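Below is one structure; the comments refer to it alone.
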Amino acid sequence: MKPDKYELHTYTVRGLFSFPIDMLRYDRSFPTNETETGNIATTIPFMSNEVAKEPIEIRLTGIAYPNMRRWDSFGWAVVEIDGVRLP
């Protein structure tokens with residue numbers, strides 16, 4: 001039996017609040033590299049809805065397109081999908 005083949009999508013999210021970790025599970029995605037994992041960790045001090053001074057951008061890779069409405073509900077915006085910047 002052959003394993004299922006998935007098409008990977010790389011996208012960038014931008015936010016000021018604590019990174020919504022559960023979105024990794026929801027969108028079936030993961031940080032693109034170790035640097036992005038570290039960038040997620042830098043948002044941990046903002047767990048009490050404290051706002052960062054500057055927006056943080058994090059690149060992720062997943063087997064599905066990101067759910068933009070759900071990201072928005074956490075105060076994060078999807079700003080790029082597969083190399084295409086969104087308005």
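Pull up segment 68-87, narrow it to residues that are part of a loop (DSSP other than H, G, I, E, B) and of a type in the set (A, V, I, L, M, F, W, C), then point me to the one that is modelled with the highest pLDDT.
Looking at residues that are part of a loop (DSSP other than H, G, I, E, B) and of a type in the set (A, V, I, L, M, F, W, C), I get Phe74.
Here's the yes/no breakdown for (1) under 20 Å from Gly83 (Cβ atoms); (2) at pLDDT 95 or above:
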{"position": "Leu24", "(1), (2)": "no, yes"}
{"position": "Phe30", "(1), (2)": "yes, yes"}
{"position": "Thr42", "(1), (2)": "no, no"}
{"position": "Ser48", "(1), (2)": "no, no"}
{"position": "Glu54", "(1), (2)": "no, no"}
{"position": "Arg59", "(1), (2)": "yes, yes"}
Name every residue in segment 1-12 that is out of contact with any Ser or Thr (no Cβ under 6 Å at 6 or more places or on another chain) and not in a loop (DSSP other than H, G, I, E, B), in order of residue number. His9, Tyr11, Thr12
Selection count, segment 13-29, where residues are under 19 Å from Lys53 (Cβ atoms), of a type in the set (Phe, Trp, Tyr) and either outside any loop (DSSP other than H, G, I, E, B) or over 9 Å from the mean Cα position of the chain (by Cα) (or both): 1
Looking at Gly62, Gly38, which is the one that is loosely packed, with under 14 Cβ neighbours inside 10 Å and under 27 Å from Tyr6 (Cα atoms)? Gly38
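The values are calculated or read from the model by the stated rules, or taken from the named source; none is laboratory data. None of the values given here were measured: they were computed from a predicted structure. Methodologically, a virtual Cβ is constructed for each residue, glycine included, from the backbone with ideal geometry; neighbour enumeration extends over all protein chains shown.
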